[in-house]
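Beneath this line is the structure, given in structure tokens, with notes to follow.
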Amino acid sequence: MAERGRLAEGVRAYRLIAGMWIRSTMAYRASFAMTTFGSFAATFFDFVAIMLMFSRVDALGGWSLPEVAFLYGLSAVSFGLADLVIGSMDRLGRRLRDGTLDTLLVRPAPVLAQVAADRFALRRLGRVTQGSLVLGWALSRLDVDWTAGKLLLMPLTLLSGCAIFCAVFVAGAAFQFVAQDASEVQNAFTYGGTTLLQYPPTVFGKELVRGVTFVLPLAFVNWLPACYVLGRPYPLELPGWVVGAPPLVAVVCCAPAGLAWRAGLRSYRSTGS
Amino acid sequence: MGAGRLYATVALGGFRRYATYRAATAAGVFTNTVFGLILVYTYRALWDLKPHLGGYDQAQAITYVWLGQAFLSTLAISGGGVEDELMERIRTGDVAIDLYRPADLQLWWLAADLGRAFFQLLGRGVVPFVFGALVFPAYLPADAGRWAAFLVAVVLAMLVGFGLRYLVALSAFWLLDGTGMTQMTWLLGYFCSGMLLPLNVFPGALGTVVRALPWSSLLQAPADILLGHGDPLRTYLFQGAWAVVLLGAGRLLQSAATRRVVVQGG
């Protein structure tokens, strides 16, 4: 019951802080319009680069353009949602350096909710929109033999993917309690992760695919579900039930990330300035 | 103190300032290496199918990837140069202090940015490049003259890069919040400098256009010299012309800004 109250309190604090930041952003409307478009265009250029590659070849790692677009869309939407909800957490390093985290600690609201909602950036919807458009285009071009299972898998995959990326963001923030200045390391896993997933697994070395499947299970964001939906073999031998595993993997990722966050917050010593 | 010494001191300060953050540098090296790894695999898949795409062979394409990772922070292709700080100073009004210093605003920030760029080249650029060259079959010319010619192009690229970013920073005099402007330019810069795909792989008219834009001075121009694809003198002329145009435009905009705009007070 206490846990549940705390969760509701966190969600409420998150909503209030995010709402405040939205009103604040709207004070500079020209900048908001440009940054939203920019967020849309950022990922758009990523996809243009893939299309340019396909202007020279018919397939990459044996995958056609609509198939790669399918991977791209799933990865971009999952990551975009996570980035929207919790992406501001990479600013934690700065708060640790200048001591402003102390202000959050004395407020009567969960710190995680406050840090996650800090500088909430609605413009990040641009990325989600672009990813959805590519995903829609891919689905219209692909000739998939849809079954009830495959249809159900789609929303589950997007939500699980979002949760997996959220776990990466939280773990990255927890790491900053130790590393402080090294906040850029988490970009390798967040932005690097979503870039990696935009390309078919067959492009990469076996060791890398193994690492992304078993160690940092980003493969569950889109590679494994996409292989199942498109009826393509995955480069590694895996039992059939892993197809339904993304939600489970998401939970398994969030638990240690949450524990790491708690440990990090407990070990925090203010700079005192 | 002579003017030359003043700016040399500012540049040295820029270098040392960035050198202070060792953990941040190590983190940057790690991140650049991870991105380089991802790109290398996709390029290899591409060059496996088309072995002479854009006139590069696979080894040259691999070198190109690691050059890109070495230049990303050096040339601040996706932001992160001194322009963020200048923009913040314009927004808060602190720029008024810079303006009554007995130094030129543009040269001051140019010196600071060159100091930063040289540190990033040594601190963040060299390690990912060496890693890439050791782990993957990259193309490295044996001719020392080629490397020297390449370094000249890198310095010119730093000037062009600053010229572009200074213009963006000055836009804050009119827009106040420069976030949108910076984001738009780094996006354009990332794509048009060939960070995602070498510009000579771009098809048809798009290829011709991007090769004529200033961003092609950043990564493509030095890379072409190192990979033996461009005539150094012609490349220098191209980069130099853009540097003059952009820095000149920066001066014009600067004088317009300081004459007409009322600095934010408070």
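Show me, for the stretch A:13-30, the HN-Hα J-couplings you get by feeding each phi into the Karplus relation (A = 6.51, B = -1.76, C = 1.60, θ = phi - 60°), rounded to Hz, glycine and proline as x.
Each residue's phi maps through the Karplus curve to give 4, 4, 4, 5, 5, 4, x, 5, 5, 5, 4, 5, 4, 5, 5, 10, 5, 4 Hz.
Out of the stretch B:117-204, which trypsin sites (Lys or Arg not before Pro) are coil in DSSP terms and have no more than 10 other C-beta atoms within 10 Å?
Sparse-neighbourhood loop trypsin sites (Lys or Arg not before Pro): none present.
Please report, ordered by residue number, every helix of chain B (full DSSP H runs) that is 15 Å or longer along its axis going by C-alpha atoms and whose mean Kyte-Doolittle hydropathy reaches -0.5.
On the way: long enough: B:3-19 (24 Å, 0.22); B:22-49 (41 Å, 0.85); B:58-74 (25 Å, 0.54); B:105-120 (23 Å, 0.56); B:144-170 (39 Å, 1.84); B:179-192 (19 Å, 0.58); B:232-260 (41 Å, 0.37).
Correct list, ordered by number: B:3-19, B:22-49, B:58-74, B:105-120, B:144-170, B:179-192, B:232-260.
Roughly how many nanometres apart are two label points built 7 Å out from the Cα toward the Cβ at A:LEU216 and B:VAL130?
2.4 nm
Grab the beta carbon distance between B:VAL155 and B:ALA23, set R0 = 41 Å, and tell me the FRET efficiency rounded to 0.05. Write out the running numbers ahead of the final one.
Working: r = 28 Å, r/R0 = 0.69.
My answer for the efficiency is 0.90.
Order the peptides A:215-227, B:79-91 from the highest to the lowest mean number of other Cβ atoms within 10 Å of their residues.
Listed from highest to lowest mean packing, they are A:215-227, B:79-91.
Report the extension gain between B:ALA256 and B:ARG16 in nm, rounded to one decimal, defined as 0.36 nm multiplied by the number of residues separating them, less their alpha carbon distance. Display every interim value, and only then the final one.
On the way: separation 240, 0.36 × 240 = 86.40 nm, distance 3.25 nm.
My answer for the length gained is 83.2 nm.
How large, in Å, is the protein assembly as shown by the Kirkwood hydrodynamic radius built from its alpha-carbon pairs?
Numbers: mean 1/r = 0.0405 Å⁻¹.
Hydrodynamic radius (Kirkwood, Cα only) of the protein assembly as shown equals 24.7 Å.
Report the extension gain between B:ARG91 and B:LEU237 in nm, rounded to one decimal, defined as 0.36 nm multiplied by the number of residues separating them, less their alpha carbon distance.
On the way: separation 146, 0.36 × 146 = 52.56 nm, distance 3.60 nm.
Fully extending the segment from B:ARG91 to B:LEU237 adds 49.0 nm.
Calculate the length of the line joining the C-alpha centroid of the stretch B:217-254 to that of the stretch B:50-75, in whole Å.
What the calculation gives is 18 Å, centre to centre.
Stretch B:ALA142-B:LEU107 to full length: gain in nm at 0.36 nm per residue minus the Cα-Cα span? Show your work: numbers first, answer last.
Details: separation 35, 0.36 × 35 = 12.60 nm, distance 3.66 nm.
The B:ALA142-B:LEU107 span can extend by a further 8.9 nm.
Which angle between 0 and 90 degrees, to the nearest 10, do you get for helix A:125-141 versus the longest principal axis of chain A when only C-alpha atoms count?
That helix lies at roughly 10 degrees to the long axis.
Which net charge results for the neighbourhood of A:THR271, defined as the other residues with beta-carbon distances under 13 angstrom from its beta-carbon, given Lys and Arg at +1 and Asp and Glu at -1? Don't skip to the answer; put the middle values down first.
Working: positive: A:ARG94, A:ARG95, A:ARG97, A:ARG269; negative: A:ASP98, A:ASP102, A:ASP181.
Summing Lys/Arg as +1 and Asp/Glu as -1 gives +1.
For the pair A:ASP102 and A:VAL11, how long in nm is the line joining their label points, each one 7 Å along Cα→Cβ?
3.4 nm
With labels modelled as points extended 7 Å from the Cα through the Cβ direction, what inter-label distance (nm, one decimal) is found for B:ASP98 paired with A:LEU139?
4.8 nm
Just so you know, all these numbers are worked out from the coordinates, no wet-lab data involved. Please read all numbers here as calculations on a predicted model, not as lab measurements. Methodologically, a virtual Cβ is constructed for each residue, glycine included, from the backbone with ideal geometry; neighbour enumeration extends over all protein chains shown.
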